[in-house]
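The structure under discussion appears below in the form of structure tokens.
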Amino acid sequence: MTANSNWLAEVIRSRRSVRHFRREPVSHATIEALMEAARWAPSAHNAQPWRFVVLEDQQRRRDLAHAMASRFQTDLQADGAPEGEALARAARAEARLSEAPAVILACLTVQDAQVYPDAQRAAAEHAMAVQSTALAVENLLLTAHQAGLGACWLCSPLFCPEIVVRELDLPPKWEPQAFILLGIPERAPTAPERRPLADILVWR
Ligand SMILES: Cc1cc2nc3c(=O)[nH]c(=O)nc-3n(C[C@H](O)[C@H](O)[C@H](O)COP(=O)(O)O)c2cc1C
């Protein structure tokens, strides 16, 4: 291991999901630097299936957060959650998305993917697009951390992609995958445990 690889290991190891931010905005230049890191991720067939949307228009972001929160509340109540609890959880989700200093939506598209006649290979091709997009987001997360920014991946777009596509007027083939919240961390986040290597690794 060289000094450089130790530096990389430290960036990887010290990155944490940050969910509370100071109010300062994140500049366009910073967001572009994160996007630049994202686009150098590896991807299946080098198809680069990722697409990103910076949620710049505050009113549009609030409308999106509100529409998603309404759907979240409906889903929670359909699952049997009491109305008050569903309302509180939906309100928290709405505030989180509305108030983060910057939000990037990560999408994928399979428009350049191989087309297969059978469901199994089509599913594998889609999985590769998901995997490739996740790698691009990891590049983004690590670069944000190294730049002193906090970030958190939110999975909520997966649960109501049609609302996200409609509210942001996205091309119909863009599949929303995740929001990335960004900002200067309000406080140092705690480090969740990791499973020990022995639990996740086998040698064959
Ligand atoms: C696919 C994926 C989905 C996630 N969804 C959410 C989410 O919806 N809300 C949230 O607060 N954190 C979410 N996270 C962040 C995880 O909770 C976090 O990475 C995990 O608890 C480990 O903590 P760390 O990132 O600080 O190491 C998600 C992370 C990933 C990779």
* Asked: Considering only residues of the range 125-162 that are open to solvent by 40 Å² or more (accessible area, probe 1.4 Å) and touching a Phe, Trp or Tyr at 6+ places or on another chain (Cβ under 8 Å), which is farthest from the ligand (Cβ to nearest atom)?
  -> Asn139
* Assuming Glu32 fulfils every condition listed in (1) open to solvent by 70 Å² or more (accessible area, probe 1.4 Å); (2) in contact (Cβ under 8 Å) with a residue 12 or more places away in the chain; (3) closer than 16 Å to Leu181 by Cα apart from one, which condition is it? -> (2)
* To do: Just give me the residues in the range 35-76 being crowded, with 18+ Cβ neighbours inside 10 Å and of a type in the set (Phe, Trp, Tyr), in sequence order.
  => Trp50, Phe52, Phe72
* Asked: Name the pairs whose Cβ atoms lie under 7 Å apart, with the first residue in the range 179-194 and acidic (Asp, Glu), the second open to solvent by 60 Å² or more (accessible area, probe 1.4 Å), and 6 or more positions between them or separate chains?
  -> Glu186/His20; Glu186/Arg22
* Asked: In the range 163-204, which residues are in a helix (DSSP H, G or I), of a type in the set (Asp, Glu) and open to solvent by 100 Å² or more (accessible area, probe 1.4 Å)?
  -> Asp199
* To do: Within the range 1-54, track down each residue that is assigned to a helix (DSSP H, G or I), polar (S, T, N, Q) and either in contact with a helix residue (DSSP H, G or I) (Cβ under 8 Å, 6 or more places away or on another chain) or within 16 Å of the ligand (Cβ to nearest atom) (or both).
  => Ser14
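The values are calculated or read from the model by the stated rules, or taken from the named source; none is laboratory data. The structure displayed is predicted, hence computed values, not measured ones. Here Cβ is always computed from backbone atoms with ideal geometry, including for glycine, and neighbour counts include all displayed protein chains. Accessible surface areas use protein heavy atoms only, side chains included; no ligands, DNA or RNA. Shrake-Rupley method; radii C 1.70, N 1.55, O 1.52, S 1.80 Å.
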